[in-house]
1. Return, for the Cα atoms of segment 155-283, the radius of gyration and Dmax in Å, separated by a comma.
2. Obtain the nm distance between the two label points defined at SER266 and LYS161 by a simple spin-label model: each point lies 7 Å from its Cα along the Cα-to-C-beta direction.
3. Let me have the 222 nm mean residue ellipticity of the chain computed from DSSP H runs of 4+ only, each contributing -39500 (n - 2.57), with the sum over all residues rounded to the nearest 500.
4. Can you work out ³J(HN,Hα) from phi for every residue in segment 319-332, in order, using Karplus 6.51 cos²θ - 1.76 cosθ + 1.60 and θ = phi - 60°, giving whole Hz and x for Gly and Pro?
5. Sum up the charges of everything whose Cβ sits under 15 Å from the Cβ of VAL4, counting Lys and Arg as +1 and Asp and Glu as -1, but leave VAL4 out.
6. In the chain, what is the count of Lys pairs whose alpha carbons are under 28 Å apart, counting only pairs at least 8 residues apart or on separate chains?
7. Once you compute Rg and the Kirkwood Rh from C-alpha atoms, what is the Rg to Rh ratio for segment 37-135?
8. Which trypsin sites (Lys or Arg not before Pro) in segment 67-168 pass both tests, a DSSP loop state and at most 16 other beta-carbon atoms within 10 Å?
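A short reminder: the numbers here are calculations on the coordinates, not readings from a lab. Predicted model only: the values in this text are computed from it and were never measured. Cβ sites come from the backbone with ideal geometry, for glycine too, and all protein chains shown count toward neighbours.
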Amino acid sequence: MIQVPREADFPSTLRSSRVTSRVGVWLGICFAVAFLTGNFSHWAQSPDPWLAFPTRPVWGYRVSQGLHVIAGTAAIPLMLVKLWGVFHKFFARPERGWKAILVHLGERLSIAVLVASGLFMLATGLCNAAQWYPWEFSFRSSHYAVAWVAVGALVVHIALKAGLIKQAYAEPVDTDVPPDTAGPLTRRGLLRTTWLAVGTVTLATAGATITPLRKVSVFGTHSGDGPGGIPINRSAVQAAVDKSATGPDFRLELVHGTQTVQLRRSELEQLEQVSAELPISCVEGWSASGRWTGVRVATLLDLVDAPEDADIRVASLQQRGAFATTTLQANFARDDLTLLALKLEGEDLNLDHGFPCRLIAPNRPGVLQTKWVTRLEVL
Ligand code: HEM
Ligand SMILES: Nc1nc2c(c(=O)[nH]1)N[C@H]1C(S)=C(S)[C@@H](COP(=O)(O)O)O[C@H]1N2
Ligand SMILES: [Mo]
């Protein structure tokens with residue numbers, strides 16, 4: 001017969017609320033940072049019709065999404081240590097009496113929701129940041145919905161445990177350990193190892209956004225360099241862009257109702273050129289800054305008398321896929337720093353960076369910085 005373990009079967013003195021309260025505080029901070037920055041990312045990608053996503057600071061999305069992936073990754077070792085530290089509690093038996101059993105079940109249920117949703121967030125986030133999609137469901141909508149469940153369950157958990165956390169946090173970490181029961185690892189040792197693990201994974205991911213750290217960031221996807229110092233996320237071949245369409249036959253089409261204007265790349269070069277230092281800030285957490293040169297989108301929109309408050313549809317030579325077209329909100333379309341870039345670091349754009357021309361706007365998720373732009377359509 002299978003024996004279900006009991007709480008007493010886990011005698012390690014490392015399993016203590018004095019340890020888990022300390023680890024838990026940092027885990028809570030990581031979840032709070034991830035929740036705020038995650039909602040910022042959601043706002044950037046699903047614009048609120050009442051409150052336009054701002055175009056400043058130009059590095060806002062870069063910092064926010066970098067923090068998101070760093071805080072989310074740092075939460076992984078914290079979560080593992082936290083779960084190990086409370087593992088024995090999964091086998092606690094309720095006291096006798098139906099009321100005690102109901103309270104016990106309610107508490108277990110809230111913990112089950114917290115653990116399941118928390119693990120879901122960490123697992124889906126990590127896979128997405130590594131550009132690995134082993135699931136059928138939509139990453140963005142499920143990661144977003146479960147974030148509210150996880151943070152809701154976390155708030156309930158903290159409210160229920162607030163007294164215990166405060167008390168355990170105030171007590172020195174190891175004064176209640178009987179000397180003869182201590183194993184080779186002390187509670188201080190466990191905490192130090194945990195902080196070391198958090199520091200290691202943070203360094204291993206932070207270089208995806210903090211350029212000088214690139215070389216040490218073994219977890220950072222896209223931490224390598226590309227033309228002009230900017231990594232290439234999806235090449236022209238991967239996006240199935242027909243290379244011949246980027247040659248002399250290329251035209252940029254500007255459409256406003258029945259009014260259309262077509263421009264060759266050489267004609268775009270004749271218009272007023274503007275340079276700006278702007279980052280590509282991928283939603284997956286990596287980012288890199290470059291000096292882009294090209295024509296203001298506002299200058300192009302004036303050629304077809306587009307109204308100031310119009311949103312713009314940006315279409316790519318890429319035929320299929322979620323990034324083939326994007327919508328540029330009016331405040332972005334009219335910003336002085338929103339360019340249709342022709343050059344990066346003074347050189348013609350590389351085909352894989354979006355040649356003949358690509359969108360680059362301030363404070364905008366990388367996924368919306370459309371490459372191989374062929375049409376701007378006033379909506
Ligand atoms: C710790 C708890 C976490 C919370 C509460 C959280 C919350 C969120 C939210 C609300 C979004 C916005 C989704 C949307 O645009 O609709 C988001 C996006 C994202 N999260 Fe998390 N997240 C967490 C952990 C993680 C982790 C561990 C990683 C990776 C290591 C991660 C990576 C991402 C990525 C890459 C996106 C952007 C997805 C996209 O726009 O395509 N998240 N997160
Ligand atoms: N047409 C098109 N534009 C695109 C993409 C794409 O796949 N197709 N990828 C986007 C993503 S996710 C990012 S992060 C940036 C990356 O630009 P880069 O490859 O020039 O660094 O381009 C964006 N523009
Ligand atoms: Mo991206």
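1. When restricted to Cα atoms, segment 155-283 yields Rg and Dmax of 28.1, 86 Å.
2. 6.9
3. It lands at -14000 deg cm²/dmol.
4. 7, 10, x, 5, 9, 5, 9, 9, 9, 9, 4, 4, 5, 6
5. Values: positive: ARG6, LYS89, ARG93, ARG108; negative: GLU7, ASP9.
For residues surrounding VAL4, the net value is +2.
6. 12
7. Expressed as Rg/Rh, it is 1.15.
8. The qualifying sites are ARG96.
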